[in-house]
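J.: The structure that follows is given in the form of structure tokens.
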Amino acid sequence: MQVLKRVLNDEELAGIQSALAAADFAAGNKTAGFQAQKVKRNLQLPPGSTEQERLARIVNQALNRHKAFFAAALPSKLMPILFNRYEAGMEYGAHVDNAYMRAGGKQGLRSDIAATLFLSDPASYDGGELTVHAGQMVQRVKLPAGDMILYSANSRHRVEPVTRGSRDAAVFWVQSMVRQAERRQMLYELDRAVQGLVSRTPEAPEILVLTALYNGLLREWIEV
């Protein structure tokens with residue numbers, strides 16, 4: 001699991017929040033898999049609508065400039081971005097995401113990584129935590145608006161019931177160029193170490209060695 005800070009800047013976040021406040025939402029279970037439909041109770045901006053596509057472009061632009069997103073996900077393909085809302089009494093029960101996804105007749109992808117970009121001020125609603133089971137660990141996540149979490153799409157997870165207010169978020173799935181989560185984590189930590197060394201000691205000779213090691217591992221593991 002990786003938490004990415006300030007994926008959206010203040011202007012982008014305010015624009016999306018304003019648009020969602022005036023948007024018409026529909027039942028969210030139409031885009032869930034067969035099993036997930038039974039436990040999914042939320043609202044969703046209709047996929048393919050003019051507003052969904054406009055807001056998705058804003059998020060995609062933010063992802064394209066966010067270096068930590070590329071380092072953590074090593075994205076090859078992204079599913080279209082969905083915008084959902086949980087009002088009081090709504091939840092998404094425990095489920096696992098489908099391994100293969102496709103939308104609107106487009107080429108499908110293998111869902112390696114699930115992403116949730118929080119869009120509501122956490123003080124504006126109660127409940128609504130994203131709960132992710134990672135082995136023996138259970139993590140409950142409720143991030144500031146504009147922050148995002150990446151986690152394994154194969155993890156059992158749920159959205160806890162909202163008991164006050166309204167929780168908006170953008171969600172999508174990523175097929176990574178590196179299939180194995182352990183290898184992605186190794187590459188991410190190595191990349192962060194290189195970037196930290198560059199910021200502190202830009203002339204350090206170890207930078208070239210570590211960069212060569214990173215690219216060697218990536219070349220060995222990448223699938224394109």
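The values are calculated or read from the model by the stated rules, or taken from the named source; none is laboratory data. Note that the coordinates shown come from a computational prediction; the quantities given were computed from them, not determined experimentally. Quick reminder, even Gly has a Cβ in these numbers, built from the backbone with ideal geometry, and neighbours come from all protein chains shown. Note: areas computed on protein heavy atoms with side chains; ligands, DNA, RNA excluded. Shrake-Rupley method; radii C 1.70, N 1.55, O 1.52, S 1.80 Å.
J.: Find the centroid of the Cα atoms in region 1-20 and in region 97-155, then give the distance between the two in whole Å.
T.: What the calculation gives is 15 Å, centre to centre.
J.: Ok, one more. What does the accessible area per residue of region 1-120 come to in Å², with a 1.4 Å probe and no ligands, DNA or RNA counted? Before the final figure, lay out the partial values.
T.: Numbers: 6010 Å² over 120 residues.
Result: 50 Å² of accessible area for each residue.
J.: So what is the accessible area of region 131-224 per residue, in Å², with the probe set to 1.4 Å?
T.: Working: 5200 Å² over 94 residues.
Here the per-residue accessible area is 55 Å².
J.: Ok, one more. Over all distinct Cα pairs, what is the inverse of the mean 1/r for region 1-92, reported as the Kirkwood hydrodynamic radius in Å?
T.: Working: mean 1/r = 0.0680 Å⁻¹.
Mean inverse Cα-Cα distance, inverted, gives 14.7 Å.
J.: If you don't mind, there's one more thing I want to ask. Under 8 Å for C-alpha pairs, at least 6 residues apart: give me the relative contact order for the chain, rounded to a whole percent. Kindly include the intermediate steps, with their values, before the conclusion.
T.: Details: 417 pairs, mean separation 53.8, N = 224.
Computed over the chain, the figure is 24 percent.
J.: Let me ask something else about it. With a 1.4 Å probe and all protein chains left in place, how much of the accessible area of the chain comes from carbon and sulfur atoms, in whole percent? Can you show the working numbers first?
T.: Numbers: 6100 of 11580 Å².
Carbon with sulfur: 53 percent of the solvent-accessible area.
J.: Also: Once you place label points 7 Å from the Cα toward the Cβ at N60 and A88, how far apart are they in nm?
T.: Between N60 and A88, the label points sit 3.8 nm apart.
J.: Restricting to lysine pairs 8 or more places apart or on different chains, what number in the chain have Cα atoms under 16 Å apart?
T.: Working: K5/K67; K5/K142; K30/K38; K30/K40; K77/K106.
So the count of such lysine pairs works out to 5.
J.: Could you work out the longest stretch of the chain that avoids the GluC sites (Glu not before Pro) located in DSSP loops with at most 14 other Cβ atoms within 10 Å? Please list the in-between numbers first.
T.: Working: sites that count: E203, E223.
Within the chain, the longest run free of exposed GluC sites (Glu not before Pro) spans 1-202.
J.: Among A103, S166, G128, whose Cα sits farthest toward the positive end of the charge dipole of the chain (+1 at Cβ of Lys/Arg, -1 at Cβ of Asp/Glu, about the Cα centre)?
T.: A103
J.: Once both axes come from the Cα atoms, what is the angle between helix 181-200 and the longest principal axis of the chain, in degrees from 0 to 90, rounded to 10?
T.: Once rounded, the angle reads 60 degrees.
J.: Loop-only check: which chymotrypsin sites (Phe, Trp or Tyr not before Pro) in region 1-94 are DSSP coil with at most 16 other Cβ within 10 angstrom?
T.: Answer in residue order: F25, F34.
J.: Out of every Cα-Cα pair in the chain, what percent are more than 30 Å apart?
T.: Working: 6130 of 24976 pairs.
Tail of P(r) above 30 Å: 25 percent of Cα pairs.
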